[in-house]
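The values are calculated or read from the model by the stated rules, or taken from the named source; none is laboratory data. Note that the structure is predicted; figures quoted are calculated from it, not measured. FYI the Cβ positions are ideal-geometry reconstructions off the backbone, even for glycines, and counts take in every protein chain you see.
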Amino acid sequence: MKSNSYLIFLAIIAAVLFINCSNSGRKETVQDSKEELRKHLAEMDARMKWPSFKAKDKPIDSLDIRIEDLSIPELEQSFDIVKDSVFILSEDEFSIARDLVKKHFEGVVTSISDDSIDDSYKPFPYNYYFKQYIGYKDNERKKKLVYVNMFTGWHTPNGWARELKHDWVKITDGGKWDGHVIVDIENKKVINFAII
């Protein structure tokens, strides 16, 4: 659904560019614009053919991913965390956070419907989301917290080979297809759960 809207948007831009170039009367400008538009549309067509990965189609034990690279630029851009306060979770911390997130989902009313207005603010079930885990120190609260990035799927040119331990999936749209959880691992509780 999202990709169809994007293609319609591109078609409108293409029509406007074509009309503007046609009205200018300069043949070489029209030819250059047409060629540029052809290249852009070919790139978008190739991107639409990228494999699409959905969490619900993957084994449940592959959905929880511990981030193992602190140099990912999108980490700071995705949420307000000072870079020096981000840390890689230990196996024990990761296990605690994962168990708390899974248990939290057991108490949440979920929906498997994509289009019901009544269900638009209900998250999907636990196994519908990939979940990336990164630790950070909240200096204001003086606590070690875990930020969990949740997303139902993505398109990628590299397929499943895309290494989610070293690549933060930046959320641009939202809706119940994306969200986050913040876990206080010291007190063993979820302090924030939101679909975006």
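Per-structure values
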{"quantity": "Any hit, segment 123-132, residues being out of contact with any Phe, Trp or Tyr (no Cβ under 6 Å at 6 or more places or on another chain), at negative phi, at pLDDT below 85 and in a strand (DSSP E or B)", "calculated": "no"}
{"quantity": "Residue check for Ala194: at pLDDT below 80 and either in contact with a helix residue (DSSP H, G or I) (Cβ under 7 Å, 6 or more places away or on another chain) or small (Gly, Ala, Ser) (or both)", "calculated": "no"}
{"quantity": "Only one of Lys143, Lys39 that is farther than 19 Å from Trp177 by Cα, over 19 Å from the mean Cα position of the chain (by Cα), at pLDDT below 85 and among the basic types (Lys, Arg)", "calculated": "Lys39"}
